[in-house]
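One structure below.
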Amino acid sequence: MANTSYEHGRVGLLLIDLVNENFSEDGKAYATYAPEYERLGTIENLKRLVDGVREHANVPIFYSSTAFTDADYQSWKHVSGIHRQMFDKRLFEAGTWNAEFFAGLAPKPGDVVLAPHKSLDVFAHTDLEFQLRQKNVEYLAIAGVSGIMAVESTARTAMERGYHVTTFTDAIAAPGGLVTYQAMMRGLNMISHNVISVDEFLASLPKLAAA
């Protein structure tokens, strides 16, 4: 754990793609992540993270989700490899159960639900930065999936824009097992200011609340 002093009232938590497609056993992408969910305890760790943060009213929670329309699936001129995989399976179809937030990790009143993102980087084409500024967030913690796609891309942009970035060792997942996980951790350690466990992050919050 890095020796970081978070500033009282300046910390926010961004949760990426905690939707049925990824986290429900009936979701089309669930099987891709399931082995890592089990190995890391990702779903339970995310629940502990969200529940722990909710105990501190000075730490806002931001929810980001992916959603594609019929027009997206059919009309994009340039389709990247990851988008081709999603489009071929019609993942994250807007207006369907698949694109809804997973019940065990869904937003509650007072949380900020961002406009859906279509790219990997949540900053691109969403209101994330506007919402962060409204809440005076400078220290941004990021959790969710995929760790090697949306989480990493968003964390890199946050770092480039001058935010202090925290990512997690256990509230995250990516396809590919241990080898991918180790590579993901090396990458996140290069672009984050803190890469820590849920327990380590939550342990810092009482100090924030009492500041």
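The values are calculated or read from the model by the stated rules, or taken from the named source; none is laboratory data. Small disclaimer: the values here were computed from a predicted structure and weren't measured. Please note: Cβ atoms are built from the backbone with ideal geometry, for glycine as well, and neighbour counts cover all protein chains shown. Each accessible area value is taken on the protein alone, full model and side chains, heavy atoms only, with ligands, DNA and RNA left out. Shrake-Rupley method; radii C 1.70, N 1.55, O 1.52, S 1.80 Å.
Worth a mention:
- Any hit, the stretch 57-65, residues being under 11 Å from LEU105 (Cα atoms), open to solvent by less than 10 Å² (accessible area, probe 1.4 Å) and touching a residue at least 60 places away in the same chain (Cβ under 8 Å): no
Listed here are the residues, each with its yes/no results for (1) of a type outside the set (A, V, I, L, M, F, W, C); (2) farther than 20 Å from VAL151 by Cβ; (3) surrounded by 13 or more Cβ atoms within 10 Å (Cβ to Cβ); (4) touching a Leu at 6+ places or on another chain (Cβ under 9 Å).
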site	(1), (2), (3), (4)
GLY95	yes, yes, no, no
PHE101	no, no, yes, yes
PRO116	yes, no, yes, no
ASP127	yes, no, yes, yes
GLN131	yes, no, yes, yes
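- Residue match in the stretch 84-101 (condition: of a type in the set (A, V, I, L, M, F, W, C), touching a helix residue (DSSP H, G or I) at 6+ places or on another chain (Cβ under 7 Å) and not in a helix (DSSP H, G or I)): yes
- Subset of the stretch 75-89 that is in contact (Cβ under 8 Å) with a residue 12 or more places away in the chain and out of contact with any Phe, Trp or Tyr (no Cβ under 6 Å at 6 or more places or on another chain) - its residue that is most open to solvent (accessible area, probe 1.4 Å): LYS89
- Only listed residue being outside any loop (DSSP other than H, G, I, E, B) and free of Cβ contacts under 8 Å to residues at least 12 places away in the same chain, chosen from ALA150, ALA203, ALA141, ALA155: ALA203
- When the residues of the stretch 33-56 are filtered to those that are touching a residue at least 60 places away in the same chain (Cβ under 8 Å) and closer than 25 Å to ALA124 by Cα, the one that is farthest from the chain's Cα centre (by Cα) is TYR33.
Residues checked against (1) open to solvent by 20 Å² or more (accessible area, probe 1.4 Å); (2) modelled with pLDDT of 95 or more:
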{"position": "GLU152", "(1), (2)": "yes, yes"}
{"position": "THR167", "(1), (2)": "no, yes"}
{"position": "LEU205", "(1), (2)": "no, no"}
{"position": "ALA209", "(1), (2)": "yes, no"}
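- Boolean, TYR33 is aromatic (Phe, Trp, Tyr) and either open to solvent by 10 Å² or more (accessible area, probe 1.4 Å) or part of a helix (DSSP H, G or I) (or both): yes
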